[in-house]
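Since the structure comes first, as structure tokens, the remarks are kept for the end.
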Amino acid sequence: MKDYREVMQRLSFLPDLYLVGGAVRDILFGREPEDLDFATSAPPEEILRLAKAHGLEAVPTGIEHGTITVLIEHHPFEVTTFRRDVETYGRRAKVAWGRSILEDLSRRDFTIGAIAMSAKGEVVDPFEGQRDYEAGLIRAVGDPRQRFREDYLRVIRAGRFAARYGFEIEVHTLEAAREAAPEVLSHVAVERVTAELDKAFKDPTPSRFLRYLYDLEILQRLIPEFEDTHLLLQNPRWHPEGDVFTHVMEVVDRAPPPYRWHALLHDIGKKDAAKWKEEGWYSFHGHEIVGSRLIPRIARDLRLPTALRDELVVTTALHMVPALTKPTPRAIRIFQAEAGSHLSALEALFRADAGERRPQEAWKFFEPQPVPVKPLLQGRDLIARGHRPGPEFGRILRAAYQYQLESGETDLEKLYQAGLEGLKSGRR
């Protein structure tokens, strides 16, 4: 159930019911709303009582903030009591229940989100959010400095909204954001910042948001290796776009949304690997290995999921192999074995990373191989030949697998003999 009129009809037992926030903006300008949030003059306990009286399940998911989640045909909808700020400090606020929708809207962040719609379709827009939307502006409600002091996450959200809609940030709002930027990471949990990046990576051009964070020096505080990357000029033969930061932004925009973290961090080792050349640009020999070693710390700092961290290590370490290595069968087998389940992520990154400038033969690294790259000789094969599991067991299997990758051999007996030879020679 996503039709807001139907949902409002089901919730019509609540007094002074309004649809609020981004859903109203999206509806007014022909977009499909992502979430439907509602506001009412009823206190949270009254919302709970009325919902149950009308046969709806209601859960006090944020009752201290006045928010009740009402389930309609198994779909959750948040209903929040009108609020007014009593005291605000950073990401925290002491609120009291408000008396009107106007009072509630006055405490919201940006004008394009401070719009409400009644069940009759009447629009309440006291801060001219529709006008700002049509003008392509992100403008704070009231005093922008006060808005950002109330919640420093709003500094980041201003940039994300501007990037999402292709808008500009109104000049006084942008000035206030610059002033507040040094305080952002002291007041906002890194998980919230990462969540904003995740949202931005779903938009068509996330580089606009990333450039905003870089301009405000928030990105560099999150990931120090980005500091001054706009000064690192690259070989114009391979990078006509110029500096490292510009290159990374272009790759992020070209990458499919699931692989934009990969694009953002693929060249993160370039600053540490940079060597100045007399020709007027830097070389970055081995930057992919340097970068892969930085990924675990960066992922930990950003609270990235473990599976994503592990994939980023692989894609960062291997993204230069197809560009620099001759695609012999042996090289392809070893590359695909090292890539493992991350091969599709590597291909997406390689395509975004100036893939159109790569020689055609480089794409052979991503083609299916006639010889499997997974180990053919298994433990059960050794047991069948009289071996017992132990330290030598694993060494035989590793030596056999290495021989399989290097030679392309598929015969189990020959792989077994290669494993025994490896054990004798001390290969591990």
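Give segment 144-169 a look and list any residue that's at pLDDT below 95 and assigned to a loop (DSSP other than H, G, I, E, B), or say none.
151, 166
Which residue, of 137, 153, 174, is buried (at least 19 other Cβ atoms within 10 Å of the Cβ) and either outside the structural domain of residue 205 (by TED's automatic domain parsing) or touching a Phe, Trp or Tyr at 6+ places or on another chain (Cβ under 8 Å) (or both)?
Answer to the selection: 137.
Among (1) touching an Asp or Glu at 6+ places or on another chain (Cβ under 9 Å); (2) outside the structural domain of residue 264 (by TED's automatic domain parsing), there is one condition residue 191 misses while meeting the rest; what is its number?
(1)
Could you pull out the residue among 35, 26 that is within 20 Å of residue 120 (Cα to Cα) and without any contact (Cβ under 8 Å) to a residue 12 or more places away in the chain?
The unique qualifying residue is 26.
Testing residue 30 on (1) outside any helix (DSSP H, G or I); (2) of a type outside the set (Val, Ile, Thr); (3) touching a strand residue (DSSP E or B) at 6+ places or on another chain (Cβ under 8 Å); (4) surrounded by fewer than 19 Cβ atoms within 10 Å (Cβ to Cβ), one condition comes back false. Which one is that?
(3)
Mind checking whether some residue in segment 59-66 is at pLDDT 90 or above and farther than 20 Å from residue 113 by Cβ?
Yes: one or more hits.
Take residue 121 and tell me if it is surrounded by fewer than 21 Cβ atoms within 10 Å (Cβ to Cβ), outside any helix (DSSP H, G or I) and not assigned by TED's automatic domain parsing to the domain that holds residue 29.
Against the criterion (surrounded by fewer than 21 Cβ atoms within 10 Å (Cβ to Cβ), outside any helix (DSSP H, G or I) and not assigned by TED's automatic domain parsing to the domain that holds residue 29), residue 121 does not qualify.
Is segment 365-382 home to any residue that is surrounded by fewer than 18 Cβ atoms within 10 Å (Cβ to Cβ), among the hydrophobic types (A, V, I, L, M, F, W, C), in a helix (DSSP H, G or I) and at pLDDT below 85?
No - not one qualifying residue is present in segment 365-382.
Here's a check for you: in segment 282-312, which residue that is part of a loop (DSSP other than H, G, I, E, B) and touching a residue at least 12 places away in the same chain (Cβ under 8 Å) is farthest from residue 324 (Cα to Cα)?
Ranking the candidates gives 303 first.
Quick one: is residue 148 among the aromatic types (Phe, Trp, Tyr) and either in the same structural domain as residue 84 (by TED's automatic domain parsing) or surrounded by fewer than 20 Cβ atoms within 10 Å (Cβ to Cβ) (or both)?
Criteria not met by residue 148.
Scan segment 122-135 and tell me whether some residue there is hydroxyl-bearing (Ser, Thr, Tyr) and without any contact (Cβ under 8 Å) to a residue 24 or more places away in the chain.
Within segment 122-135, none of the residues are hydroxyl-bearing (Ser, Thr, Tyr) and without any contact (Cβ under 8 Å) to a residue 24 or more places away in the chain.
Inside segment 350-389, can you point out the residues that are on the phi > 0 side of the Ramachandran plot and outside the structural domain of residue 323 (by TED's automatic domain parsing)?
386
The values are calculated or read from the model by the stated rules, or taken from the named source; none is laboratory data. All values reported here derive from a predicted model rather than from experimental measurement. Cβ: placed from backbone, ideal geometry, glycine included. Neighbour counts: every protein chain shown.
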